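S.K.: Below you will find the structure I want to go over with you.
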Number of protein chains: 2
Amino acid sequence: MAAAVNESDFIARLRAIASDPGARGLADDAAVLAAPGDLVLTHDMLVEGVHYLAADPPEDVAWKLVAVNLSDLAAKGARPRGVLLGHSLLGDGDWDARFADGLGRALEAMAAPLLGGDTVAYRGGPRVLSLTALGDAPPGGAPSRSGARAGDDIWVSGAIGDGGAGLTIAKRLAGDPAGLAIARGTDGPAALLDRYRRPTPRIALGRALAPHVGAMMDVSDGLLIDCKRMCAASGAAADLDLDRVPISAALLAHAGEDRSARLAAATAGDDYELLFAAPAASAHAIEAAAGGAGVPVTPIGRMREGEGVHLSDAAGAVPLPARLGYEHGVA
Amino acid sequence: MAAAVNESDFIARLRAIASDPGARGLADDAAVLAAPGDLVLTHDMLVEGVHYLAADPPEDVAWKLVAVNLSDLAAKGARPRGVLLGHSLLGDGDWDARFADGLGRALEAMAAPLLGGDTVAYRGGPRVLSLTALGDAPPGGAPSRSGARAGDDIWVSGAIGDGGAGLTIAKRLAGDPAGLAIARGTDGPAALLDRYRRPTPRIALGRALAPHVGAMMDVSDGLLIDCKRMCAASGAAADLDLDRVPISAALLAHAGEDRSARLAAATAGDDYELLFAAPAASAHAIEAAAGGAGVPVTPIGRMREGEGVHLSDAAGAVPLPARLGYEHGVA
């Protein structure tokens with residue numbers, strides 16, 4: 001357990017994390033990053049009560065803040081080069097100490113140095129956290145959301161729906177502190193909770209896939225809404241086979257696999273898997289990239305002329321649910 | 001007057017501002033920036049009630065958010081390349097519309113394209129705004145705070161204390177809405193208020209000075225505390241002549257020029273001038289750089305062996321005030 005910190009202690013902890021020379025010890029006006037070519041830039045915020053639960057462990061909030069930003073880099077095939085932190089100090093030194101501890105571990109695990117940032121202190125509002133992440137674009141350029149073409153196969157990495165199921169479990173636990181004892185684990189509900197709290201950005205996979213895809217993005221708000229965005233950006237339609245959407249063994253055991261369970265998975269957020277479209281001729285290269293990165297990928301449909309997302313399963317056409325996922329903010 | 005906006009209108013306004021191709025229309029997971037060499041990175045936050053007054057016009061808050069970040073780039077001699085915005089939507093559509101309007105104008109005036117960012121919506125807390133700014137480092141590298149050496153002259157750009165006096169005026173006006181009619185102007189109290197609300201980052205000056213200085217930083221928290229930080233980073237002491245600290249005609253008329261008025265100016269924040277140290281042999285080059293940028297620079301003291309800031313004026317040694325400026329956060 002990290003000891004509670006005051007503001008200057010918190011900054012001292014950040015300085016200890018920021019060992020990269022470009023960070024200049026967090027003691028200069030700015031950081032410096034040597035950039036050999038195109039840089040990929042993203043900035044995502046987490047707000048208490050909106051993007052995470054007040055009861056979520058601070059170490060997990062730090063992990064998630066890093067992971068959601070690096071997931072955007074992964075979707076562009078970028079190699080992380082560093083991050084800038086925007087942190088709100090609300091006077092809870094225990095929370096801040098645990099957050100700093102978790103931040104250091106997350107950045108180390110994901111090989112992203114802390115280069116700079118800012119801290120602000122205020123009272124009486126939700127905690128607002130932000131991260132700016134920078135990465136080197138892949139050699140052939142960062143894939144966009146708009147490059148999917150009619151005839152392309154649509155793929156997704158990993159499994160879909162675990163994060164959303166984990167959020168539901170976390171909300172239930174937030175009302176039942178004793179239940180927090182199951183907060184860590186690799187199977188059953190604990191595995192789902194872990195996928196919600198500690199998503200894994202698909203960094204190596206994204207880099208390996210980038211040369212072979214026409215379009216790529218991460219699945220943060222829900223498979224269906226994110227696929228709809230890829231369709232809109234690309235000016236094409238997607239036919240998805242709901243039966244082929246990959247569901248983990250933990251989620252199958254937890255929620256079953258009927259149509260409504262699969263629709264719930266496909267409209268839940270917090271997956272941080274990669275959704276991408278690629279010509280059929282790229283299938284072998286894509287399988288090889290996935291094998292190299294150790295992350296399964298699954299073809300779940302095909303792009304065609306038209307617009308929007310269209311669903312079917314073994315029983316035929318599936319009407320789109322009214323809600324396809326989360327709607328919010330700038331990408 | 002900009003019409004009130006909802007969240008999607010606000011994002012549409014940001015998209016209209018984000019015309020740089022690297023922004024990808026704010027419709028992708030991330031932005032892309034071509035970087036020819038070293039990049040300088042900074043991230044500064046503004047919190048309502050902490051860094052600006054709730055009564056400050058939203059256009060001015062947007063200006064200030066851009067200016068304080070670009071001031072950090074200026075201090076490193078960097079040329080702005082773009083910014084990422086972190087914006088909190090608190091349900092006041094009029095405020096957000098005016099902010100977006102002011103952001104577009106500020107970014108245009110300071111030649112910094114909007115490349116990306118994130119918006120979050122919440123209620124019941126202060127507005128938290130942030131910006132990440134990126135710039136190209138100057139050819140010889142970005143000057144640090146730590147390169148000042150014994151014998152260097154200490155210089156400051158522009159005039160010191162206007163921003164702090166403007167803040168005091170703004171606080172008084174916040175309790176007297178009728179007084180807001182003087183909010184724009186170029187002389188008297190209006191000029192001081194304008195310097196507080198619309199600081200000018202010294203971008204061209206910073207770039208011109210960078211090759212000639214040993215150390216450089218911006219004066220954001222107060223001349224004395226910022227100079228103390230430069231001393232600490234450089235492992236040396238500063239002797240400052242309080243009589244030489246440049247005071248504007250508007251501030252002289254407003255506050256006089258006795259020792260206490262000069263100390264108030266030297267310990268107020270919000271100046272966003274450049275403080276730098278350079279060998280005496282660089283004086284001609286520094287004057288030429290200042291002439292080219294159209295911003296006056298004034299030598300105010302000298303570095304020597306030792307530590308800390310030491311003040312004197314025509315009457316002799318001046319005891320340091322207990323408070324040298326604002327203390328907060330990561331650089």
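What follows draws every value from the coordinates through simple rules; no lab data is involved. What you see is a predicted model; the values in this text were computed from it and never measured. We place every Cβ from the backbone using ideal geometry, glycine too, and count neighbours over all the protein chains shown.
S.K.: Kindly give the distances from A:Pro296 to its copy-mates, label point to label point, with each label point 7 Å from Cα along Cα→Cβ, as nm values to one decimal ordered shortest first.
M.R.: 7.3
S.K.: Given points 7 Å out from each Cα along the Cα-Cβ axis, report the A:Ala3 to B:Asp239 separation in nanometres with one decimal.
M.R.: 4.2 nm
S.K.: Within the range A:283-302, which residues have the backbone N less than 19 Å from the label spot 7 Å out from A:Ala253 along Cα→beta-carbon, could you tell me?
M.R.: Output list for this probe position: empty.
S.K.: Sticking with this structure for a sec: Starting from 0.36 nm per residue, how many nanometres of slack lie between A:Arg15 and A:Arg105 once their C-alpha separation is accounted for? Spell out each step's value before the answer.
M.R.: Numbers: separation 90, 0.36 × 90 = 32.40 nm, distance 1.40 nm.
Full extension of this stretch gives 31.0 nm more.
S.K.: Provide B:Lys64, A:Lys76 in ascending order of the number of other Cβ atoms located within 10 Å of each residue's Cβ, fewest first.
M.R.: On the way: B:Lys64 24, A:Lys76 30.
Taking fewest neighbouring Cβ atoms as first place, the list is B:Lys64, A:Lys76.
S.K.: Can you say what percent of the DSSP beta bridges in the range A:229-317, counting only those with both residues inside, are antiparallel? Round to 5.
M.R.: 55 percent
S.K.: Please report, to two decimal places, log10 I(q)/I(0) for the range B:7-136 at q = 0.09, 0.14, 0.16 Å⁻¹ as given by the Debye formula with identical point scatterers on the Cα atoms and no solvent.
M.R.: Each listed q maps to, in turn, -0.23, -0.57, -0.75.
S.K.: Sorting check: for A:310-316, A:296-302, B:83-89, B:308-314, which peptide has the highest mean count of neighbouring beta carbons within 10 Å, and how do the rest follow?
M.R.: Listed from highest to lowest mean packing, they are B:83-89, A:296-302, B:308-314, A:310-316.
S.K.: Wrap a convex hull around the Cα atoms of the range B:222-284, take a quarter of its surface area, and give that in square nanometres.
M.R.: Computed as one quarter of the Cα hull surface, the answer is 5.1 nm².
S.K.: Across the range A:310-319, in residue order, what do the Karplus-derived ³J(HN,Hα) couplings come to in whole Hz, using 6.51 cos²θ - 1.76 cosθ + 1.60 with θ = phi - 60° and x for Gly and Pro?
M.R.: Going residue by residue, I get 10, 10, 8, 9, 4, 8, x, 5, 10, x Hz, with x marking Gly and Pro.
S.K.: Work out the mean other chain Cβ neighbour count within 10 Å for the residues of A:109-122 and drop it here as an integer.
M.R.: Taking the mean over all residues of the peptide, I get 5.
S.K.: Between A:Leu89 and residues 5 or more places away or on another chain, which pairs have amide H atoms under 5 Å apart, with H built 1.01 Å from N, and which residues are they?
M.R.: Residues meeting the criterion, in which the H sits 1.01 Å from N, are A:Val120, A:Ala121, A:Tyr122.
S.K.: Same structure again: Can you give the average number of partner chain beta-carbon atoms within 10 Å of each beta-carbon in peptide B:86-93, as a whole number? Intermediate values should be presented prior to the final figure.
M.R.: Numbers: counts 10, 3, 5, 2, 1, 0, 0, 0.
Mean shielding by partner chains, rounded to a whole number: 3.
S.K.: Please get the size of the charge dipole for the protein assembly as shown, origin at its Cα centre, with Cβ charges of +1 on Lys and Arg and -1 on Asp and Glu, quoted in debye to the nearest 20.
M.R.: I would put it at about 360 debye.
S.K.: Same structure, new question: So if R0 is 60 Å, what FRET efficiency would A:Ser260 and B:Lys171 give, r being the distance between their Cβ atoms, rounded to the nearest 0.05?
M.R.: 0.55
S.K.: What does the convex hull of the Cα atoms come to per residue for the range B:54-122, in Å³?
M.R.: 85 Å³
S.K.: Would you calculate the volume per residue, in Å³, of the smallest convex hull containing every Cα atom of the range B:74-226?
M.R.: 152 Å³
S.K.: Given bins 10 angstrom wide, list per bin the percent of all Cα-Cα distances in chain B, short to long.
M.R.: For chain B, the binned pair fractions read 6, 26, 33, 24, 10, 2, 0 percent.
S.K.: Going by Cα centres, the range A:97-133 and the range B:106-145 are how many Å apart?
M.R.: Using only Cα atoms to place each centre, the spacing works out to 17 Å.
S.K.: Using +1 at the C-beta of Lys and Arg and -1 at the C-beta of Asp and Glu, which of A:Gly235, A:Ser260, A:Met217 has the Cα lying farthest in the positive direction of the dipole of the range A:171-295?
M.R.: Selected residue: A:Met217.
S.K.: Taking the number of other C-beta atoms within 10 Å as the exposure measure, put B:Glu7, A:Glu108 in order starting with the fewest.
M.R.: By the 10 Å Cβ count, ascending: A:Glu108, B:Glu7.
S.K.: To continue, here is another question. Across the protein assembly as shown, how large is the tail of the calculated P(r) beyond 46 Å, expressed as a percent of all Cα pairs?
M.R.: 21 percent
S.K.: How far apart are the A:Ala174 label points across copies, placing each 7 Å from Cα toward Cβ, in nm, shortest first?
M.R.: Those separations, rounded to one decimal, come out as 3.1 nm.
S.K.: Enter the mean number of other protein chain beta carbons within 10 Å of the beta carbon of each residue in A:130-143, as an integer.
M.R.: 4
S.K.: Here is a further query. Taking every DSSP beta bridge with both residues inside the range A:7-136, roughly what % is antiparallel (nearest 5)?
M.R.: Just about 65 percent of them are antiparallel.
S.K.: Under the convention of a label 7 Å out along Cα→Cβ, give the distances in nm from A:Asp9 to the same position in every other copy, shortest first.
M.R.: Here A:Asp9 shows inter-copy label distances of 4.7 nm.
S.K.: Tell me, what ³J(HN,Hα) does each residue in the range A:265-276 have, in order and in whole Hz, if you take phi through Karplus 6.51 cos²θ - 1.76 cosθ + 1.60 with θ = phi - 60° and put x for Gly and Pro?
M.R.: 5, 6, 10, 7, x, 6, 7, 6, 8, 9, 10, 8
S.K.: While we're looking at this one, here's another question. Which percentage, to the nearest 5, of the DSSP beta bridges contained in chain B is antiparallel?
M.R.: Around 75 percent antiparallel, to the nearest 5.
S.K.: Amide H neighbours of B:Arg304 under 5 Å, at least 5 residues apart or on other chains, H built in the peptide plane: list them.
M.R.: Under 5 Å from the amide H of B:Arg304: B:Gly151, B:Ala237, B:Ala238, B:Asp239.
S.K.: Axis carrying A onto B: which residue of A has the nearest Cβ, and how far, whole Å?
M.R.: Per the A/B rotation axis, the closest residue of A reads A:Gly125, 1.
S.K.: Label-point separation (nm) for A:Ser312 and A:Arg123, each offset 7 Å from Cα along Cα-to-Cβ?
M.R.: With each label point 7 Å from Cα toward Cβ, the separation is 6.2 nm.
S.K.: Please tell me the relative contact order of chain A in percent, rounded to the nearest whole number, where contacts are Cα pairs under 8 Å and at least six residues apart.
M.R.: Taking the mean separation of contacting Cα pairs over the length of chain A, I get 22 percent.
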